[in-house]
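Report on the following structure.
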Amino acid sequence: MRSVCKYSTLLLIFLFPLTSAFSQKVQIQIVSPRELKGRKAILLTREKGFAALVHSIKLNSDVFNLEIDRDLVPDLYQLHVSQIKGSLLFFLEPGIKITLDTTDLSHSKVVNSKSTQEWKQFEQDIQQPSDRRMEQYAAGEKRARKTKNADSLNYWVDKQSFEKEDLVRQSGEFIAENLDSYVSLYLLKINWYAFQGKGIFEQLNSRMAGHKTYTFLKERNKKLAKAETTEPQHLKAANKVK
């Protein structure tokens, strides 16, 4: 029994430094008025169509030290606060300061975050205009379906298809102009199938190589390259024709 306990103690001593090596304390500020003190706030990581609960905190103070894996920062997060409408999308990174808006969380101010400013630029210049056009095209499609106008229906469906392609194109241009940005890394991840095999990933600044998303994309590209080298010659020829 003593030998088992001794072994368990040694194992814990061995594992503790490893755990510390792969995580870090990320200090952030969430400034809120007195009436919000004690409210519950949750931080979610954002994926396309999915959200995962990461941290649950109480707004008892303005400074928070979050234990986060070193390869997960910076990344896109979403903040929710109980009894306040809306949510805030921002890039979580050390030193960030968020001043909460009490009427709509999406209007909260974020400073000390280079990645969040770049994300706002992408949203305002590319994503939001595209979303507005897509809404117009979808409304046109709906009207065409009601009137059973085939020509009009095809027109609006084509407009939506072209808009999706144009959004990918503009996203690619944004990445090419911001090769050292974690926003570009995130955009590559959510648009991987559109950008795979185009050599965009290889142009990214290697300083981001320690990030989990960078590792994920690198492995994906390795698998793609391996699949291409093992592909039968007749299929390679057919793909070139396409």
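The values are calculated or read from the model by the stated rules, or taken from the named source; none is laboratory data. Computed from a predicted structure; not experimentally measured. In this analysis, Cβ positions are derived from the backbone assuming ideal geometry, glycine residues included, and neighbour counts consider all displayed protein chains.
Suppose the filter is of a type in the set (A, V, I, L, M), out of contact with any helix residue (DSSP H, G or I) (no Cβ under 8 Å at 6 or more places or on another chain) and surrounded by fewer than 17 Cβ atoms within 10 Å (Cβ to Cβ); does Leu53 pass it?
yes
Suppose we filter Lys142, Lys109 for residues that are of a type in the set (D, E, K, R), modelled with pLDDT of 95 or more, surrounded by fewer than 16 Cβ atoms within 10 Å (Cβ to Cβ) and touching a strand residue (DSSP E or B) at 6+ places or on another chain (Cβ under 7 Å); which single one remains?
It is Lys109.
Could you please find all residues in segment 191-229 being part of a helix (DSSP H, G or I) and closer than 17 Å to Val73 by Cα?
Within segment 191-229, Ser206, Arg207, Met208, Lys212, Thr213, Tyr214, Thr215, Phe216, Leu217 meet the criteria.
Could you check segment 73-111 and list, in sequence order, the residues that are in contact with a Gly (Cβ under 8 Å, 6 or more places away or on another chain), over 20 Å from Gly38 (Cβ atoms) and either part of a helix (DSSP H, G or I) or in contact (Cβ under 8 Å) with a residue 40 or more places away in the chain (or both)?
The answer is Ser106, His107.
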